[in-house]
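The structure appears below as C-alpha cells.
The values are calculated or read from the model by the stated rules, or taken from the named source; none is laboratory data. Not measured: the values here are computed from a predicted model. No Cβ is skipped: glycine too gets one built from the backbone with ideal geometry, and neighbour counts run over all protein chains shown. These accessible areas exclude ligands, DNA and RNA; they are computed on the full protein's heavy atoms, side chains included. Shrake-Rupley method; radii C 1.70, N 1.55, O 1.52, S 1.80 Å.
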Amino acid sequence: MKNPSYTDKILAYQEGKLSQKEKADFEAELLSNPQLQEAYQNFQQSLELTEVFAFDHLKQKLKSWEEPRVKRMHPLKLAALAATFLLILGLAGLSGIWQRFSSGKLASRYYTEIPVNIVSRNGSTDANAVLLQMEKDFQADKFGEVLETQEIEDPRAYLLKAQAALQFGNGAEAANYANLIISRQLNPYVEAAEWLFILGKTQSRETDFAKAAIDSLLQKEEHPFREEAMQLQEDLNSTWRKFAR
Amino acid sequence: MTSSYSDIELIRMIRSGGKQMELAMRYWNSHSGIREKLDSWIRKAGGTKADSADIFQDSICYLILNIRNGKFEGASNLQTYFMAIGKNLWLQQSRRSQHYQRILNSVQAEEATVINPEHILMRAEQINRLDQLLQLTGDACRKVLGMWSLNFSMREIARELGYKTEAVVRKKKHQCLKQLMKLTAQNPEWKKGL
C-alpha cells in the first residue's frame, strides 16, 4: 500500500469503527483527496477479489455434501468394478430398509419422548429454542432447515441432523453426526447414534464400515436396535450372496 | 419431502447470505431436479458422469455469486439461467478437447439457449487466473474472507473454522483484508481482470 495510514482509515470506515464526525470527515476527504480515492478504489477491488475465496468456500461446501463416490477404476480392477456395480444394484433394493428404520422408528422412539423444555448443558435457553425449532422442522419434514440450523453442542441436535441427512440421501454426513455422539459417548443417545451410523454408512455405500459397525452392535445383547441390525446384516449378506453366485 | 422455494425466495435467501444462502444452495443441490437435466445435457455433449458432477457444482457456485453480485438480472427463470451457466462452463472446458467442434455441433443442433455467455465464461477465466495469484494470501485468510464475503456472521465463521471467539475472527479478517489490499496495490496488473 502506498500510504499505510489510508489503509487503516479505510478499514476503520468499512468496519464501522469511526464516530459520526470521523465518518463525515472521511467521506468529505474521499471526495477531495485523489490519494485517498486511489487507496479506496484499491480497497474495493480487493473486496471483489474475495469472490474467488467465496467460490472456494461454496465448492468446498458442496463437496462436503456429496456422498463418497467410486473413483475411476484401474483397468485391472475391472472385476471389482463389476462387483461394485452389482452391489450397488442390490443396495438400491435396500433403500426401503434405512428409510423404514431411520425416520419412523427413531423419530417415535427418541424424539416424541424428548421433553421439549429440556435446557441445554450450559443452561442456555437460546440453545433450547434452537432445538425446539429443529424438532418442529423435523416433524414437518423440513429436513433442509434442520441441517442448516446453527450448530449447537447437543446430542439431540446431532441425532436430528443425522436423520435429516439420511432423508437427504447424504449418508456420509449422517454418519459424521452420529459419530459425534459415539466418540464422545453422549448417553443416553449413543445406541441411537450407533444405529444411525450404520444406516449412514450403508446409504453411503461404505459397506465395510457398515458391516463392522453391525458386528460391533450385535455383540451388545441388550442393544435396542439389535433386531434391526440383524435384519440389515442378513439383507447385506444376501446381497453379497446374490452377487457371488 | 421438503418445502419447495420459488425463484424469488431462493434469490432472497442467496442475497441475504450466510446460513440462509446455504439452505438455498442445499435445496438447489438436492431437490430442484436440475442435476439430472444438466447431467443429461452434458452426457449428450460428450461429457462423463464425473465431468457432469463437477460442472454441476461449479454452476451452483457461479449461480450464487452472480445473484449476489447483481449479475443475474432476472431476465429468465433460475433454472434456465443455471442451465446456461452449466452449458457454457462445459463448452469452455471442452475447448481444449480435440472433439470440441463435434461437441459444439451437437450442442448447436440441439439448442442454442445461452444467456450472456461471454460474461459467464469471462468470469470463470478471471477466477481461474486470479486463483493462482491469490494463493499468496494464505489458506486461513482465504477461508475467513470467503465466508465473510458471503455474509456469514463472525460467530458462524468461528464455529466452522474452529476459532475460539468471534473477536479472534474479527481480528483475523482485519489482518487478511489489509494483506489483500497490500497485494492488490503491489500487483496492479491483477486489477485488469476485474
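Some observations on this one:
- Counting only helices (runs of 4 or more DSSP H) that sit completely within segment A:125-179, those holding 1 or more residues that are over 19 Å from B:Y27 (Cα atoms) and without any contact (Cβ under 8 Å) to a residue 60 or more places away in the chain correspond to A:125-139, A:155-167.
- For A:M230, the conditions (1) surrounded by 17 or more Cβ atoms within 10 Å (Cβ to Cβ); (2) over 30 Å from B:F152 (Cβ atoms) are fulfilled apart from (1).
- Scanning segment A:195-213 for residues that are surrounded by fewer than 23 Cβ atoms within 10 Å (Cβ to Cβ) and assigned to a helix (DSSP H, G or I) gives A:T207, A:D208, A:F209, A:K211, A:A212.
- Helices (runs of 4 or more DSSP H) (entirely within segment B:2-47) containing at least 2 residues that are small (G, A, S) and outside the structural domain of B:F152 (by TED's automatic domain parsing): B:18-31
- Helices (runs of 4 or more DSSP H) fully within segment A:1-93 counting 2 or more residues that are farther than 30 Å from B:D51 by Cα, more than 8 Å from chain B (Cβ to nearest Cβ) and at pLDDT 75 or above: A:4-14, A:20-32, A:34-65
- Residue, most open to solvent (accessible area, probe 1.4 Å), within segment B:48-58, restricted to residues that are at the interface with chain A (Cβ under 10 Å from one of its Cβ atoms) and in a helix (DSSP H, G or I): B:K49
Okay, residues lined up against (1) closer than 25 Å to A:F138 by Cα; (2) of a type in the set (K, R):
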residue	(1), (2)
A:R184	yes, yes
A:Y189	yes, no
A:A192	yes, no
A:I198	yes, no
A:Q203	yes, no
A:L217	no, no
A:E221	no, no
A:Q231	no, no
A:S238	no, no
